Amino acid sequence: MLMMIDIHPGDTVLETGSGSGAMSLFLSRAVGPKGHVVSYEIREDHHNLAKKNYRHWRAAWEIGHREEWPDNVDFILKDISTAAADMKSKTLDAIVLDMLNPQLALPVVHSSLKQGGVCAVYLANITQVIDLLNKIRTYKLPFVCENIIEVTHRNWMVLPAKIKNCKSSHMVETKENIEEPSQKEYEEAHIQDQVVLKESEYNESLSDDAETYCSVPYIAKPSHWQDAHSAFLTKLRKFRPLLS
């Protein structure tokens with residue numbers, strides 16, 4: 001989303017849906033000490049959590065950098081759809097919407113977004129994206145959709161496949177080919193593999209005969225169980241045709 005909105009130091013950004021405050025932290029760093037982030041949240045528990053996490057992050061920054069990071073994020077507990085009066089006095093370089101019905105926020109915030117500014121929208125499913133675009137067309141809002149990206153995560157397993165006594169380097173049918181190994185099994189396999197590698201290095205120092213070495217091949221494959229959740233990022237750019 002940061003790449004989509006392409007913000008710079010000194011910019012002013014509006015965020016709706018503070019959540020845990022994670023995006024707020026990245027926005028704070030991106031706009032820099034002279035920039036400003038306004039983050040709206042409708043849920044009080046999320047609002048408090050975001051403020052807490054942001055406060056801890058600033059404290060950690062001061063420890064690591066020997067200087068205080070400026071408090072450039074305003075967390076506001078309010079429904080953005082009722083904040084029209086707040087938006088009148090603001091000029092926004094970019095907008096980030098992470099909410100269930102972003103089409104309710106666009107009529108309120110679009111007038112504050114500068115011409116050519118980007119609004120990045122995070123939605124859980126493609127039907128929400130379609131509904132968003134329909135509402136933009138129905139309300140005749142000054143936005144053009146430039147890009148829609150599905151974001152997914154694919155977990156992989158990379159484990160050694162070998163006979164424990166290391167007498168053969170042939171690939172063997174192992175337990176992980178049938179079911180997912182536990183974290184403990186994975187760590188034990190990794191430790192054992194490192195021991196075998198050290199023994200192999202020792203043998204190499206004693207002889208140049210390749211037959212004395214132990215080959216430790218690896219199996220790489222996607223995990224059997226994948227995260228089912230994905231998200232859709234929609235890039236909207238404010239564009240109002242100039243009157244001739």
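Conditions tested, residue by residue: (1) in contact with a Lys or Arg (Cβ under 7 Å, 6 or more places away or on another chain); (2) part of a strand (DSSP E or B).
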{"position": "85", "(1), (2)": "no, no"}
{"position": "90", "(1), (2)": "no, no"}
{"position": "95", "(1), (2)": "no, yes"}
{"position": "99", "(1), (2)": "no, no"}
{"position": "103", "(1), (2)": "yes, no"}
{"position": "110", "(1), (2)": "yes, no"}
{"position": "131", "(1), (2)": "no, no"}
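Considered as a group, the residues in segment 1-22 that are assigned to a loop (DSSP other than H, G, I, E, B) and within 15 Å of the chain's Cα centre (by Cα) include one that is nearest to residue 116 (Cα to Cα), and that residue is 1. When segment 72-102 is limited to residues that are surrounded by 13 or more Cβ atoms within 10 Å (Cβ to Cβ) and of a type in the set (Gly, Ala, Ser), the one that is nearest to residue 26 (Cα to Cα) turns out to be 94.
For beta carbons closer than 6 Å, sequence separation of 6+ or different chains, a first residue in segment 89-112 that is on the phi > 0 side of the Ramachandran plot and a second that is assigned to a helix (DSSP H, G or I) and at pLDDT 95 or above, there are no qualifying pairs.
The values are calculated or read from the model by the stated rules, or taken from the named source; none is laboratory data. Predicted, not measured: the structure shown is a model, and the values here were computed from it. Here Cβ is always computed from backbone atoms with ideal geometry, including for glycine, and neighbour counts include all displayed protein chains.
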